Amino acid sequence: MKTIFKVLVILVVAILVGGLFYGAVTASSSGTDQTAMSERPHSEGGFERHEGGESGGIQFPADAVKNLLIITVIATLYVNISRWIKKAGPVSTKNPVISS
Amino acid sequence: MSKQNLTKLFLDLGTFVALLIASAPHFTGDAIHEWLSLALGGAIIVHLLLNWNWIVQITARLFAKVAKGQRFNYILNWGLFASGIMIMLSGLMISKTVVPFFGISLPENMSWKQLHELSTNITMILMGLHVATHWSWITNMLKRMLVPRAAAPVISAPVLSMHRKDA
């Protein structure tokens, strides 16, 4: 029962956040021309179709490698910078060194 | 290592790998990309349930005296949640497999496609920060799992530490 309540809370928050995004996007693009997906021919313009795994044989997962690289670079930078900050430590202002 | 921590570790590793696979639609094709992404939504709900106590604790004392790192982590997680919602929403709006499977046809709007790509890039950056803030937990868990007897001692929490009470 508790778990169902927690799941409901998560879903409600997700719907609220999603609703905000949906409202913002539709409001900002309300003047643009919209056509139903079913009316649109798949081969012409619009969104490209990703057939890689279905008919194009095995392809190099470039997007996954790119995303892994982004995550690795950001994580490495953050971990090293925070370690460097920790090592440097806070600057003490309690006993300032008085120069002679 | 507690059973819950082990569950968390395996769930997180699995979710991470699934995220990388789902983020390569040219590699997987539309069907796997969309259904796997939908399944990732479920994995994220389980991830949130497993970390529920932390979420509740930090939410309750967000404006009270909380370590800077914890507050940053909390805001970062909200950003990750919001960008994840944005990916899901924009993905559903341009869906070619999942939404038509349920017999629904949605109006085409190019801004959803752009938002899908933008939110994916934002999510990857935030995911990098999310992994980084939990890096010590991840390495500790892996060390304990791989070398149970020579487990690394848990360092007492300094100012920038992201150690969790349940870790």
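Just one of (1) modelled with pLDDT under 90; (2) open to solvent by 60 Å² or more (accessible area, probe 1.4 Å) fails for B:PRO158. It is (2). For region A:1-30, filtered to residues that are of a type in the set (A, V, I, L, M, F, W, C) and open to solvent by 100 Å² or more (accessible area, probe 1.4 Å), the residue that is modelled with the lowest pLDDT is A:MET1. Evaluate region B:21-28: report whether one residue or more is touching a residue at least 12 places away in the same chain (Cβ under 8 Å), of a type outside the set (D, E, K, R) and either assigned to a helix (DSSP H, G or I) or more than 10 Å from chain A (Cβ to nearest Cβ) (or both). Within region B:21-28, one or more residues are touching a residue at least 12 places away in the same chain (Cβ under 8 Å), of a type outside the set (D, E, K, R) and either assigned to a helix (DSSP H, G or I) or more than 10 Å from chain A (Cβ to nearest Cβ) (or both).
Selection within region B:116-136: residues that are hydrophobic (A, V, I, L, M, F, W, C) and buried (at least 20 other Cβ atoms within 10 Å of the Cβ). The member of this set that is farthest from the other protein chains (Cβ to nearest Cβ) is B:LEU126. Looking across region B:73-87 at every residue that is farther than 13 Å from B:GLN114 by Cα and facing chain A (nearest Cβ under 8 Å), the one that is surrounded by the fewest Cβ atoms within 10 Å (Cβ to Cβ) is identified as B:PHE81. Exactly one residue out of A:HIS42, A:HIS50 is in a loop (DSSP other than H, G, I, E, B), open to solvent by less than 80 Å² (accessible area, probe 1.4 Å), at pLDDT below 90 and within 9 Å of another protein chain (Cβ to nearest Cβ), and it is A:HIS50.
The single condition from (1) at the interface with another protein chain (Cβ under 9 Å from one of its Cβ atoms); (2) without any contact (Cβ under 8 Å) to a residue 40 or more places away in the chain; (3) open to solvent by 40 Å² or more (accessible area, probe 1.4 Å) that B:LYS113 fails is (3). Checking the stated criteria, B:LEU13 turns out to be within 18 Å of B:TRP137 (Cα to Cα) and in a helix (DSSP H, G or I).
The values are calculated or read from the model by the stated rules, or taken from the named source; none is laboratory data. Everything numeric in this text was worked out from a predicted model, so none of it was measured. Positions of Cβ are generated from backbone atoms using ideal geometry, with glycine treated the same way; all protein chains shown enter the neighbour counts. Heads up: the accessible areas ignore ligands, DNA and RNA and are worked out on the full protein's heavy atoms, side chains in. Shrake-Rupley method; radii C 1.70, N 1.55, O 1.52, S 1.80 Å.
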